[in-house]
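K.L.:
Handing you this structure, nothing more for now.
Coordinate-derived values only; no laboratory data. Just so it is clear, the model here is predicted, and its values are computed rather than measured. Cβ coordinates were reconstructed from backbone atoms using ideal geometry, including for glycine residues, and neighbour counts include every protein chain displayed.
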Amino acid sequence: MDDYSDKVLISLRRIIRAVSIYSKRIAARYALTVPQLLLLKEIKRANRITVSELAGVVNLSSATVSDIVDRLKKKMLIHKRRYKYDRRKVFIFLTEKGEEVLVNAPSLLQKRFIDKFKNLNTEEKDDLCSAIDVIASMMEEEALEAGPVLSGGGDSAANLKL
């Protein structure tokens, strides 16, 4: 089992490193992090959404999403509006500037990956997606917080909250 564990760990590290490098390139070029862009895309897709709903969709804690939403609001990419029938509910919407950012936004996955993935047949795509989902499920713990990894917290194991 140790050989397989080592192989899995090395492959996961390669993936994490590639994602980290690409995320840093996006942040440097677009002044937005991958999680910020991911939230903007989900807000657009949903048309109107609350922080807790958004957190569930992107698999981040509500606190992490709330922090990212605050940063996006400061950049005037989103705005919040209280629901008129229940003032406790706050919905998030894209601003015109947020819409423009998404028009020019890069892919959240590397072009090389997308090109190679497109060349797979449907069965291969399904198998790959299923395998990645199984890996994620096997590794998930209730106490695991994905925030630092997804918000540019670096590539170090010390940044993970276990």
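K.L.:
Could you tell me how far the Cα centroid of region 1-33 sits from the Cα centroid of region 39-85, in Å?
P.N.:
26
K.L.:
Under 12 Å from the Cβ of residue 133, count the other residues' Cβ atoms, weight Lys and Arg +1, Asp and Glu -1, and hand me the total.
P.N.:
-3
K.L.:
Helix 2-30 against the longest principal axis of the chain: what's the angle in degrees, Cα atoms only, rounded to the nearest 10?
P.N.:
40
K.L.:
Give me a comma-separated list of calculated 3J(HN,Hα) values for region 42-50, in order, Karplus coefficients 6.51, -1.76, 1.60 applied at θ = phi - 60°, integers in Hz, x for any Gly or Pro.
P.N.:
Listing the rounded values in order: 5, 4, 4, 4, 7, 6, 8, 7, 8 Hz.
K.L.:
Which whole-number percent gives the relative contact order of the chain, counting Cα pairs below 8 Å spaced six or more residues apart?
P.N.:
Dividing the mean separation by the residue count of the chain yields 24 percent.
K.L.:
Using a/c under 1.5 as the rounded threshold, could you call region 1-47 rounded, prolate or oblate? The axes a ≥ b ≥ c are square roots of the C-alpha gyration tensor eigenvalues, and prolate needs a/b larger than b/c, oblate otherwise.
P.N.:
Verdict is oblate for region 1-47.
K.L.:
So what's the back-of-envelope 222 nm ellipticity for the chain, counting only DSSP H runs of four-plus at -39500 (n - 2.57) apiece and dividing by all residues, rounded to 500?
P.N.:
Calculated mean residue ellipticity at 222 nm is -19500 deg cm²/dmol.
K.L.:
What's the longest uninterrupted piece of the chain once you rule out the GluC sites (Glu not before Pro) that are loop residues per DSSP with at most 14 other Cβ within 10 Å?
P.N.:
1-139
K.L.:
May I ask you to compute the full-extension gain from residue 73 to residue 111, defined as 0.36 nm times their residue separation minus their alpha-carbon distance, rounded to one decimal in nm?
P.N.:
Fully extending the segment from residue 73 to residue 111 adds 10.8 nm.
K.L.:
Excluding residues fewer than 8 places away in the same chain, name every one of the lysines whose C-alpha is closer than 18 Å to that of residue 80.
P.N.:
Within the straight-line limit of under 18 Å, residue 80 reaches these lysines: 41, 44, 89, 97.
K.L.:
Given points 7 Å out from each Cα along the Cα-Cβ axis, report the residue 16 to residue 90 separation in nanometres with one decimal.
P.N.:
Simple spin-label model gives 3.3 nm for this pair.
K.L.:
Please give me, ordered by residue number, the trypsin sites (Lys or Arg not before Pro) of region 1-92 that lie in loop per DSSP and have at most 10 other Cβ atoms within 10 Å.
P.N.:
Values: sites: 7, 13, 14, 17, 24, 25, 29, 41, 44, 45, 48, 71, 73, 74, 75, 80, 81, 82, 84, 87, 88, 89; in loops: 48, 75, 84.
When the trypsin sites (Lys or Arg not before Pro) of region 1-92 are filtered for loop state and at most 10 Cβ neighbours within 10 Å, 84 remain.
K.L.:
For region 53-147, state which chymotrypsin sites (Phe, Trp or Tyr not before Pro) are in a DSSP loop and have at most 16 other beta carbons lying within 10 Å of their beta carbon.
P.N.:
85
K.L.:
Here's a follow-up. With the Cα gyration tensor of region 70-111 giving a ≥ b ≥ c as the square roots of its eigenvalues, does the rule (a/c under 1.5 for rounded; else a/b larger than b/c for prolate; else oblate) give rounded, prolate or oblate?
P.N.:
Prolate, because a/c is 1.5 or more and a/b exceeds b/c.
K.L.:
Next question, about the same structure. If I fit a long axis through the Cα atoms of helix 122-139 and take the longest principal axis of the Cα atoms of the chain, what angle between them do I get, 0 to 90°, rounded to 10?
P.N.:
80
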